[in-house]
Amino acid sequence: MEKDVQVLEDVTVRFAGDSGDGMQLTGSQFTNTTALAGNDLSTLPDYPAEIRAPAGTLYGVSGFQLHFSSSDIQTPGDSPDVLVAMNPAALKVNLRDLKKNATIIANENAFDSKNLKLAEYETNPLEDKSLEGYNVIPVPLTKLTHAALDGLTLSMKEKDRCKNFFALGLMFWLYSKPLEPTIEWIEEKFKKNETVKEANKRALHAGYGYGDTTEIFTTRYEVEPAKLTPGLYRNLSGNEAVALGLVAASHQAGIPLFLGSYPITPASDILHELSRYKNFGVKTVQAEDEIAGICVAIGASFSGSLAATTTSGPGLALKMEAVGLSVMTELPLVIVDVQRGGPSTGLPTKTEQADLFQAMYGRNGESPVCVLAASTPGDCFHMAVEASRLALKYMTPVILLTDGYLANGSEPWKIPAIEELPEMKVTFRTEKEGFFPYLRDENYARPWAIPGTPGLEHRIGGLEKANITGHVSYDTKNHDFMVRTRAKKVKHIENDIPDLEVRGEKSGDLLILGWGGTYGAITETVTRLLSKGYKLSQAHLKYLNPMPKNTGEVLKRFKQVLVPEINLGQLAYILRAEYLYPVESLTKVEGLPFKSSEIEEKIISMIGGK
Amino acid sequence: MSAQEVKTEGAKLTVKDFQTPHDIRWCPGCGDYSILAQMQRVSPDLNVAKENFVWVSGIGCSSRFPYYMDTYGFHGIHGRAPAIATGVKVARPDLSVWVATGDGDLLSIGGNHFIHACRRNVDLKILLFNNRIYGLTKGQFSPTSEKGKKTKSTPYGAIDHPFNPVAVALGVDTTFIARTMDRDAKHMQLMMNRAAAHKGTALIEVYQNCNIFNDGAYEHLTEKDQKPDTTVFLEHGKPLIFGKNKDKGIRLNGFTPAVVDLSSGQFTADDCWVHDEFDKSPVRATILSHFTEMEDFPVPFGIFRQTTKNTYDGDVQQQIDDITKSQGKGDLMKLFTSANTWEVK
C-alpha cells in the first residue's frame with residue numbers, strides 16, 4: 001500500500017519500557033542512525049538506579065528521549081511527539097510529559113491484567129478511552145516478534161528480548177531511516193551467537209515490514225538533514241567527550257595521560273573509555289576507593305604525567321582532602337565531577353548542578369582551585385582540553401564540572417583538526433642553577449621538576465611551604481603570604497580566559513545568565529523569544545573560578561539578570577556575593593534538565609509582554 | 001625527558017649524599033633516628049641513581065622521614081602514602097619508590113590502601129614504623145596497641161583487639177614480608193637490602209620505640225639480657241633455634257608449633273622447624289606470624305616469606321607495550337573518527 005510521506009522539521013521521540021527491555025540500546029541505535037542521516041540531535045537517557053528493577057513496575061521504567069531536526073537544536077525536547085511504550089508502567093510514567101496530540105505506540109500484548117495491576121491501572125487505558133486526544137496505535141509487538149522468530153531455537157524469554165528491535169524497526173520505517181547501521185551493529189555485537197544475531201535482525205526487519213504493510217500507519221515522516229557548519233561530524237556523549245579531550249590534551253602537552261578513578265555513576269564511562277586507549281600510552285588505575293583514585297593521580301602528577309581523576313558528587317566529597325594536597329603541593333591535576341542528584345547517594349542516575357559550592361568551597365582552609373563547567377556534550381571535549389591546559393600552565397588542580405545530562409546525552413560533534421587544538425607543550429625543569437621548588441614564574445606557577453632529574457631532588461607535601469625554598473614553614477607571616485599567593489595565582493587565570501560573551505543586545509532589560517548543562521534549554525528559550533520579538537540577552541559561564549574579568553560589568557549593563565540552575569541558586573548566591581548584584585534565581589531540582597517552557601514562563605513573568 | 005637517559009655521573013654515592021641539611025625534629029632518643037641512619041647507610045649501595053629514589057609518606061612522626069632523605073620526596077596525607085606511591089611507580093616504573101609509614105597511618109586510616117598495594121604487588125618498599133602508639137597526636141592507642149593498654153583515649157584500658165600486620169600482609173599475598181627492630185642496626189640494614197633487591201611489594205615491619213608515649217614497648221625484645229630468649233631470627237634453610245645458649249627450638253607437629261628444650265637430649269636441632277623463606281605455601285609463614293600472640297613463643301625477626309608474582313606497575317606497562325605493538329601507536333585523528341562519521345558540506 002502506498003503511504004504518504006510528510007516532511008517534518010523536528011521530532012521528539014521517547015522509548016520507554018522496563019529497565020531490562022533494552023530501551024537505552026534502542027534509543028542509542030536510533031540516535032546513531034539519525035546522526036548518520038545528518039540530522040541535528042540531542043538525547044536524554046533517563047534510567048532507574050536499579051539495574052533490573054522488577055518487571056512491569058512503575059519505578060523500573062527506563063526511558064530514552066531523542067530530539068532530531070533539520071535545523072540547529074539545543075535540547076532533547078520538552079515534550080515527546082511520539083512515545084513507544086513497551087508496557088503499561090511505561091505509559092503511565094511518561095504520559096504526563098507528552099504533547100497533547102502525541103502518538104503513542106503501545107505494545108498491546110504487555111497490557112495484560114498482571115502488568116496493568118503493577119502499573120496501578122484499574123482498567124486498560126488502551127480500551128477505556130482515557131487516552132482520548134492522543135493518537136494511540138496498539139501494536140501486538142510481542143506476538144509479532146515471536147512470529148518473526150518462528151523456527152529459531154530460542155526460549156520464549158530470549159524471543160521476548162528481541163521485541164525492542166521490532167519496535168526499533170517500526171520506528172525506522174515511520175521516520176524513513178535506513179536499517180543498515182543497526183544491522184551492521186548487530187552483526188558485530190552478536191558475531192559469536194549466530195541465533196541471537198539472526199533473531200535480532202529478523203525482529204528489526206519484521207518491525208520495518210510491519211509499518212510498511214499494516215494499514216494502521218497511513219503516513220510516514222521524514223526529517224531532512226540539518227544545515228550544520230560544514231565539516232566532519234560524529235555523534236558524541238559528554239563522557240566520551242571528556243575522555244577524548246584528556247587524550248587530546250596529553251597529545252598536545254607531549255606527556256602521558258594517567259587516570260586514577262573509582263567506578264561511580266554517572267562518571268564510570270570516562271574510565272571505561274580511557275581504559276581502551278592503551279596505544280596512546282594512557283595508564284588507568286581502577287583504584288580501591290575514591291581517595292586512592294585521586295592519590296594515585298597525584299603521585300603520577302608528581303612524577304610527570306598529565307594526571308586526572310574522574311568521579312561524581314559523593315566521590316568528590318571523599319577526594320577533597322587530596323584536592324587540598326594538590327593545592328598545597330601546586331601540582332597539575334584535572335578532577336572531573338559528573339554531577340548527579342545529591343546529597344549523599346541521592347539520585348545516582350539523575351542530573352543536577354548542585355556541586356558548584358562543593359567544587360568552589362568544599363575543602364579545609366583557604367583552598368582555591370580553578371573551576372570550569374562544560375555546557376553541552378560536545379563542549380565536554382573542549383573543556384577537558386582547557387582544564388588540562390590551565391592545570392599544566394598554572395600548576396594547579398582544576399575541577400571540571402559536567403553533569404549526568406551532559407555525560408549520557410549526546411549530540412553531533414564537529415571533529416576538530418589537530419591544528420585547532422590549543423598549544424600546551426610541557427617543559428620540565430632540568431636546570432639546576434637557581435632551582436627552588438616554590439620560585440614562581442610570571443604566572444605564579446612553580447617549576448615542575450620530576451623525579452629522575454639529577455640535582456633537583458626536593459621534598460614537597462601538605463605542610464605549609466616557605467616561599468621560594470618550599471621548606472616546611474610554620475612562620476605565621478609566611479603562611480599569610482602563601483595563602484594570598486595561592487589565591488592570587490588562581491585569580492590570575494582570569495587573564496588567560498575569554499571574556500563573557502553576550503548574545504543579543506549588549507545591554508538592556510534582561511540577561512539570562514546560565515552555567516554548565518543548562519546551556520541548551522536557555523539557548524532554545526532565548527532563540528524562541530527573540531524570534532517572537534522579545535527583548536532579552538543571553539550569556540553563559542564556562543569559567544566559574546575565576547570568572548571572566550568582565551562578568552561584573554556585564555551584569556551591571558542589565559536591569560535584571562535571571563540565573564536558571566538545577567540547584568537552589570548556587571551561582572546566583574556567588575554572583576550576589578561577588579558583584580553585589582541582585583540577580584534573580586530560577587531553580588529546579590527534579591533530576592532532569594530544564595524544559596525551555598519552564599524558563600520561558602519565568603522570563604515572561606519577569607518582563608511581561610513584549 | 002625519559003628516565004632512561006638519566007645517569008648519575010661522577011663519584012660513588014655516600015651516606016652524606018642522602019642527608020639533608022634540615023634539623024631532624026624527632027624527639028631525642030626516638031627509634032626513628034636509627035631507621036633513618038640505616039636507610040642512609042644502605043642507600044648508596046642499592047645501585048639506584050640518587051635522583052631515581054622517591055620517598056613517599058603519610059602523616060605521623062614516621063612520615064616526616066622523606067624530609068630527612070635527600071632524594072625526591074612526597075609528604076602526603078594521612079594513610080594515603082601507598083596510593084600516592086602507587087601512582088608514582090605506575091606512572092614511572094623506572095623509579096625506586098619507598099614508603100615511610102607508621103602503625104596508625106598504614107594500618108588504621110590507610111588500611112585499605114595498604115592491603116590493595118600489597119594485593120596488586122606494586123613494586124614498593126614499605127617501611128612500617130610500628131611503635132604501637134599515636135605519637136604525633138600525643139599518645140592515643142593505635143591498631144597495634146595491646147589490649148588493655150592505658151592511653152589518653154583509653155584511661156580504663158583499650159578494648160580493641162590489636163592488628164597483626166604480618167598476618168594481614170600474608171593474607172593478601174604480599175610478596176615480601178619481614179620484621180626487624182630499631183635497636184639492631186645490622187639486621188635492619190640486611191632487611192633493607194633484601195627488600196630493595198625484591199621485585200614487588202616489600203613490607204618491613206620495624207619495631208620502633210617511642211620513648212615519649214610508649215617507652216619500653218619492645219624492651220623485652222631488644223635488651224641484651226632478654227633478647228636471646230624472647231626473639232628468634234629467621235634465616236632461610238636454618239632451624240628455628242633461640243635462647244641464650246641456643247638451647248631452645250621450635251618444632252612443628254602438623255600445624256601446631258611447640259617450643260622444645262634442646263638441652264635435655266630429647267630433641268636436637270635436626271628435629272626443629274627449618275625456615276623456608278621461599279615456601280610456596282603461606283601456611284608456615286602464617287603460623288610464624290602468630291607467634292606474637294602465643295605465650296612462651298619468641299617473636300620472629302627476619303623474612304617471613306618472599307615469593308614471585310608479576311608486579312602491577314610492570315603489567316600495566318606491559319599491556320600498553322603489547323597493545324601498542326599489535327594496534328600501532330595511537331593516532332589522535334583516527335581516534336576522533338573511530339565512531340561512524342558523516343560529512344556536512
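Applying 0.36 nm per residue to the separation of A:Lys432 and A:Leu580 and subtracting their alpha-carbon distance, the gain on full extension is 48.5 nm.
Using only alpha carbon pairs under 8 Å that are at least six residues apart, calculate the relative contact order of the stretch A:234-420 and give it in whole percent.
Numbers: 430 pairs, mean separation 53.9, N = 187.
Worked out over the stretch A:234-420, it gives 29 percent.
Charge dipole of chain A (Cα centre as origin; +1 on each Lys and Arg Cβ, -1 on each Asp and Glu Cβ, all else neutral): 1020 debye, rounded to the nearest 20. Summary value for chain A: 12 percent relative contact order, contacts being C-alpha pairs under 8 angstrom separated by 6+ residues.
Annotation: peptides A:179-191, B:260-272, A:31-43, A:226-238, ranked by per-residue average of other Cβ atoms within 10 Å with the highest first, follow the order A:31-43, A:226-238, A:179-191, B:260-272.
3J(HN,Hα) along the stretch A:96-109, derived from phi through the Karplus expression 6.51 cos²θ - 1.76 cosθ + 1.60 where θ = phi - 60°, amounts to 5, 7, 6, 5, 4, 10, 5, 8, 10, 9, 10, 6, 5, 5 Hz, with x in place of Gly and Pro. Between A:Leu232 and A:Asn443, residue separation times 0.36 nm minus the direct Cα-Cα distance comes to 72.3 nm.
For the set A:Leu406, B:Leu190, solvent exposure ranked by accessible area (probe 1.4 Å, protein chains only) runs largest to smallest as B:Leu190, A:Leu406.
For A:Tyr534, no residue whose modelled amide H falls within less than 5 Å of its own remains once neighbours fewer than 5 places apart on the same chain are excluded. Label reach from A:Met606 (point 7 Å along Cα→C-beta): in the stretch A:534-564, amide nitrogens under 14 Å belong to A:535-541, A:555-564. Taking trypsin sites (Lys or Arg not before Pro) across the stretch A:236-299, the ones in a DSSP loop with at most 15 further Cβ atoms lying within 10 angstrom of their Cβ are A:Arg276. The tail of the calculated P(r) for the stretch A:1-77 beyond 17 Å holds 50 percent of all Cα-Cα pairs. Expressed to the nearest 5 percent, the antiparallel share of DSSP beta bridges inside the stretch A:234-420 is 15 percent. In whole percent, what relative contact order does chain B give with Cα contacts below 8 Å and a gap of six or more residues? Once divided by the residue count of chain B, the mean separation gives 14 percent. The alpha carbons of the stretch A:369-436 stretch over 51, 29, 12 Å along the principal axes, in descending order.
Phi angles of the stretch B:130-140 translate, via the Karplus equation with coefficients 6.51, -1.76, 1.60 and θ = phi - 60°, into HN-Hα couplings of 9, 10, 6, 6, 8, x, 5, 8, 6, x, 9 Hz per residue; Gly and Pro are given as x. Taken over the stretch B:187-345, the percentage of Cα pairs per 10 Å bin, counting from 0 up to the bin with the maximum distance, is 9, 27, 24, 13, 8, 8, 6, 3, 1, 0.
Note: chain A, Cα convex hull, 164 Å³ per residue. The label point for A:Tyr361 and the one for B:Ser153, both projected 7 Å from the Cα toward the Cβ, are 3.0 nm apart. Rounded to 0.05, the FRET efficiency of the B:Gln319 and B:Asp173 pair, given R0 = 25 Å and the Cβ-Cβ distance, is 0.75. Summed over both chains, the contact between B and A buries some 5500 Å² of accessible surface at a probe radius of 1.4 Å. Calculated accessible area for chain A comes out at 38 Å² per residue, all protein chains present (probe 1.4 Å; ligands, DNA, RNA ignored).
3J(HN,Hα) along the stretch A:597-605, derived from phi through the Karplus expression 6.51 cos²θ - 1.76 cosθ + 1.60 where θ = phi - 60°, amounts to 5, 5, 6, 4, 4, 5, 4, 4, 5 Hz, with x in place of Gly and Pro. Round to the nearest 10 and give me the degree value, 0 to 90, for the angle of helix A:194-213's Cα axis relative to the longest principal axis of chain A. That helix lies at roughly 60 degrees to the long axis. The calculated Kirkwood hydrodynamic radius for the stretch A:508-607 is 13.5 Å, given to one decimal from all distinct C-alpha pairs.
Taking every DSSP bridge with both residues inside the stretch B:229-303, close to 75 percent are antiparallel.
For A:Ser585, the residues whose modelled amide H falls within less than 5 Å of its own, excluding neighbours fewer than 5 places apart on the same chain, are A:Val563. Take B:Gln327, project a point 7 Å from its Cα along the Cβ direction, then tell me which residues of the stretch A:211-255 have their backbone nitrogen under 20 Å from it. Zone members listed by number: A:234-255.
With a 10 Å cut-off around each Cβ of B:49-62, the average count of Cβ atoms from other chains is 3. Taking the Cα atoms only, what angle lies between the long axis of helix A:379-394 and the longest principal axis of chain A, rounded to 10 degrees? Taking the Cα atoms of chain A, the angle to A:379-394 is about 10 degrees. Against the empirical curve 2.2 N^0.38 Å, the C-alpha radius of gyration of the stretch B:229-303 lands at a ratio of 1.01.
Going by the alpha-carbon gyration tensor, a ≥ b ≥ c the square roots of its eigenvalues, is the stretch A:343-406 rounded (a/c under 1.5) or, if a/c is not under 1.5, prolate (a/b greater than b/c) versus oblate? Note, shape of the stretch A:343-406 comes out oblate. Note on the stretch A:234-296 and the stretch B:185-243: Cα centroid distance 43 Å, given to the nearest whole angstrom.
The mean number of Cβ atoms from other chains found within 10 Å of a Cβ in peptide B:327-336 is 6, as a whole number.
Between B:Asp45 and A:Lys117, the FRET efficiency estimated from the beta carbon spacing at R0 = 51 angstrom works out to 0.05.
Give me the percent of the accessible area of the stretch A:234-420 that comes from carbon and sulfur atoms, probe 1.4 Å, all protein chains in place.
Values: 2130 of 4150 Å².
Looking at the stretch A:234-420 in its full context, I get 51 percent from C and S.
Fraction of C-alpha pairs exceeding 15 angstrom in the stretch B:278-345: 74 percent, rounded to a whole number.
Once the convex hull of the C-alpha atoms of chain B is built, how many Å³ does it hold per residue, rounded to a whole number?
Measuring per residue, one finds 204 Å³ for the Cα hull of chain B.
Measuring between their Cα centroids, the stretch A:71-136 and the stretch A:297-373 lie 40 Å from each other.
Across peptide A:503-512, how many C-beta atoms of other chains are within 10 Å of each residue C-beta, on average? The partial results should precede the final answer.
Values: counts 0, 0, 0, 0, 0, 0, 0, 0, 0, 0.
Other-chain Cβ atoms within 10 Å of each residue's Cβ, averaged: 0.
Over the stretch A:285-430, all Cα pairs binned in 5 Å intervals from 0 give whole-percent P(r) values of 2, 10, 19, 22, 21, 15, 9, 3, 1, 0, listed from short to long.
Accessible area per residue for the stretch B:229-303 in Å², computed with a 1.4 Å probe and the full protein assembly in place, what is it?
On the way: 3960 Å² over 75 residues.
Per residue, the stretch B:229-303 has 53 Å² of solvent-accessible surface.
For the listed peptides A:335-346, A:192-203, a ranking on the average number of other beta carbons within 10 Å per residue, highest first, reads A:335-346, A:192-203. Per-residue ellipticity at 222 nm, computed for chain A from helices alone with -39500 (n - 2.57) per DSSP H run of at least four residues, works out to -11000 deg cm²/dmol. Checking buried surface per residue: for the stretch A:447-462, which residues lose a minimum of 50 Å² accessible area in the protein assembly relative to the chain alone (1.4 Å probe)? Correct list: A:Pro451, A:Gly452, A:Glu457, A:Arg459. Classification of the stretch A:49-204 by its C-alpha gyration tensor yields an oblate form. The axis ratio a/c (a ≥ b ≥ c) is 1.5 or more, and b/c is at least a/b.
FRET efficiency for the A:Arg484 to A:Ser344 pair, using the beta carbon distance and R₀ = 35 Å, is estimated at 0.50. The length gained on full extension between A:Thr195 and A:Thr469, counted as 0.36 nm times the residue separation minus their Cα-Cα distance, comes to 91.7 nm. Along its three principal directions, the equivalent ellipsoid of the stretch A:149-239 from the Cα gyration tensor extends over semi-axes of 27, 20, 10 Å, largest first.
The values are calculated or read from the model by the stated rules, or taken from the named source; none is laboratory data. All of these numbers come straight from a predicted model, not from anything done at the bench. All Cβ positions, glycine included, derive from the backbone under ideal geometry; neighbour counts span all protein chains shown. Note: areas computed on protein heavy atoms with side chains; ligands, DNA, RNA excluded. Shrake-Rupley method; radii C 1.70, N 1.55, O 1.52, S 1.80 Å.
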